[in-house]
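The structure under discussion appears below in the form of C-alpha cells.
The values are calculated or read from the model by the stated rules, or taken from the named source; none is laboratory data. In this text the structure is predicted, and so the values were computed from the model without any measurement. So basically every Cβ, Gly included, is an ideal-geometry build from the backbone, and we count neighbours across all protein chains shown.
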Amino acid sequence: MTEEPESAYECQLEADRLRALRRYEVLDTPPEESFDRITRLVQAVLQTPIALVSLLDESRQWFKSCQGLDVRETPRDISFCTHAIRNDEPLIVEDALNDARFAKNPLVVNDPNIRFYAGVPLHTPDGYRLGTLCAIDRQPREISPAQLAVLQDLARIVVDELELRSIARIDPLTGLMTRRSFDLDTAKEVARYKRYGSALTCIKLDLDHFKAINDTFGHAGGDAVLREIGLILKSAFREADVVGRLGGEEFCIALAETKPERARIIAERIRAKIEGREIPYQGEIIKVTASLGVAGITQQDQAFADIIGRADSALYKAKTDGRNRVVAFPF
C-alpha cells in the first residue's frame with residue numbers, strides 16, 4: 001500500500017510532480033505507435049509477457065502503452081510503480097511472493113499474478129519522476145546487467161517521445177496549441193457534449209489588417225504581435241478551455257460548459273484587451289485590432305469543425321461590418 005506523505009515538503013513535491021505530468025497532456029490519450037514500439041522492444045529484449053509505459057496521477061497508474069494486459073489502468077495504491085518512482089534507481093523485484101512489500105498485493109495474489117517486476121523511473125528534464133517503463137513476468141526470474149541497461153536506455157527514449165509530443169502540441173511563437181492538437185482536444189469536447197449534453201461554444205478570432213503590419217514592420221514585427229496575442233489569450237481563459245492558433249493570424253477557442261451568450265461577453269472582453277494593447281517594437285508602438293465570431297454547438301453537429309464553420313460566418317460578418325467587433329451566430 002502507498003504510504004501517506006510524511007511532511008508538507010513531500011506533499012509539495014508530489015503536487016509539483018503532478019503539475020509536471022499534466023503539462024504533457026498525455027493522460028487518457030489513445031495509444032500511439034511511438035510508445036507501443038518501445039514496449040514491444042522491452043518484451044523482446046527482456047523476454048517478458050508484459051511491458052508497460054505507466055504514468056501515475058493522484059489515484060491511479062495509467063498505461064500510455066500496454067503489452068500483455070487488457071486493462072489501461074489500476075489503482076495507484078497497489079501499484080509497483082508507486083514504489084519505483086520514490087527513487088532514482090530502477091526497482092527490481094525478482095520474486096514478489098518473497099518480497100514483504102508485495103507478497104499480499106492483489107496484483108500478485110490475483111490476476112495478473114505478478115512475480116517479476118523491473119521498472120525504470122521516467123525522469124523529465126526538470127527532474128520529476130512521472131512513472132516508469134516496466135517489464136513484468138508471471139514467473140520469478142533475474143534480469144541481466146545488459147538487459148537492465150537496455151531498459152534504462154528505452155526509458156530515456158520514452159521521455160524523449162513525451163518531450164517531442166509536447167513540443168508538437170504547442171505553437172512555438174504564441175505558446176498556444178497547434179492546429180493538430182487543437183483538433184484532437186476539441187474532438188474530445190464534442191464527444192463530451194454528445195455524452196452529457198453540456199454547453200460548448202467556439203470563438204474564432206482573426207487579426208485585422210495583419211498584412212499591413214507585416215508590410216510596415218516586417219515579419220519580425222508581425223511575430224511580436226502574434227506573441228502578444230498569445231499572452232492575451234493564455235491569460236484570458238480557463239485551464240479547461242482549448243485555445244489554439246490555427247495558422248497565420250487566425251485563432252480559435254473552445255469554451256466548455258459555456259453558452260453562446262456568455263461566450264459573446266468573453267469575446268468582447270478579449271476584443272477590448274487587444275484594441276487597448278500597445279505592443280513595443282524597435283522603439284515604436286504597434287496597435288492592432290481583432291474581429292471575432294461566436295457560435296455554439298447544436299445536436300446536429302458531428303465535429304467541432306461544424307461549429308467553426310458557423311463561427312467563421314459570424315467572423316466574416318464582423319469583417320464586412322467594419323472589423324474590430326464581435327458577431328454571434330445566428331446574426
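Evaluation of GLN47 against the conditions (1) within 25 Å of GLU189 (Cα to Cα); (2) more than 16 Å from the chain's Cα centre (by Cα) shows that the sole unmet condition is (1). Only residues that are of a type in the set (Val, Ile, Thr), surrounded by fewer than 24 Cβ atoms within 10 Å (Cβ to Cβ) and outside any helix (DSSP H, G or I) were counted in region 40-57, giving 2.
Of the residues making up region 144-170, just one is more than 21 Å from ARG37 (Cα to Cα) and β-branched (Val, Ile, Thr), namely ILE170.
Filtered by the rule that a residue be at pLDDT 95 or above and of a type in the set (S, T, N, Q), region 83-98 gives a lone residue, ASN98. In region 65-77, which residue that is touching a residue at least 24 places away in the same chain (Cβ under 8 Å) and surrounded by fewer than 18 Cβ atoms within 10 Å (Cβ to Cβ) is nearest to LEU130 (Cα to Cα)? Result: ARG76. Taken together, the residues in region 154-213 that are free of Cβ contacts under 8 Å to residues at least 40 places away in the same chain, within 21 Å of the chain's Cα centre (by Cα) and under 29 Å from ASP321 (Cα atoms) amount to 0. Just to verify a result, which residue in region 130-152, among those that are touching a helix residue (DSSP H, G or I) at 6+ places or on another chain (Cβ under 7 Å) and not hydrophobic (A, V, I, L, M, F, W, C), is nearest to LEU46 (Cα to Cα)? Filtering region 130-152 for residues that are touching a helix residue (DSSP H, G or I) at 6+ places or on another chain (Cβ under 7 Å) and not hydrophobic (A, V, I, L, M, F, W, C), the one nearest to LEU46 (Cα to Cα) comes out as GLN147. Once region 94-130 is narrowed to residues that are closer than 30 Å to ARG23 by Cβ and free of Cβ contacts under 8 Å to residues at least 40 places away in the same chain, the residue that is surrounded by the most Cβ atoms within 10 Å (Cβ to Cβ) is TYR117.
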